[in-house]
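Trainee: Right, I'll just put the structure down here and ask away after.
Computed from the coordinates by the stated procedures, all read-outs in this text should not be read as laboratory data. All values reported here derive from a predicted model rather than from experimental measurement. Note: ideal-geometry Cβ built from the backbone for every residue, glycine included; neighbour counts use all protein chains shown.
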Amino acid sequence: ELLVEDAVADTPSRFSVGDRVFHQKFGNGNIAAIDGNKLTIDFDKAGQKRVLDGFVTGV
């Protein structure tokens, strides 16, 4: 049985390290690292956070 969570976690991100992104709560930032669909982002004002790529948009 394949769980949706497992499939999502293994899906490669559409973003690349260095891309500029926007998050509704944390604002603008630069992608520092990518692990599947999990992004480590250095936000301008909120510091470094780890978020799923579905919660950010490219800018």
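Trainee: Using a 10 Å cut-off on Cβ atoms, rank the peptides 27-40, 44-57 from the highest mean neighbour count down. Display every interim value, and only then the final one.
Mentor: Working: 27-40: 15.8, 44-57: 13.7.
Answer by packing, highest mean first, reads 27-40, 44-57.
Trainee: Roughly what would the spin-label model give for LYS45 and ALA32, points 7 Å off Cα along C-beta, in nm?
Mentor: Calculated label separation equals 1.9 nm.
Trainee: Would you mind classifying region 4-58 by shape? Square roots of the alpha carbon gyration tensor eigenvalues, ordered a ≥ b ≥ c; an a/c under 1.5 is rounded, otherwise it is prolate if a/b is larger than b/c and oblate if not.
Mentor: prolate
Trainee: Okay, moving on. Could you give the length gained by full extension between VAL17 and PHE55, i.e. 0.36 nm per residue of separation minus their alpha carbon distance, to one decimal place?
Mentor: Gain on extension, VAL17 to PHE55, equals 12.1 nm.
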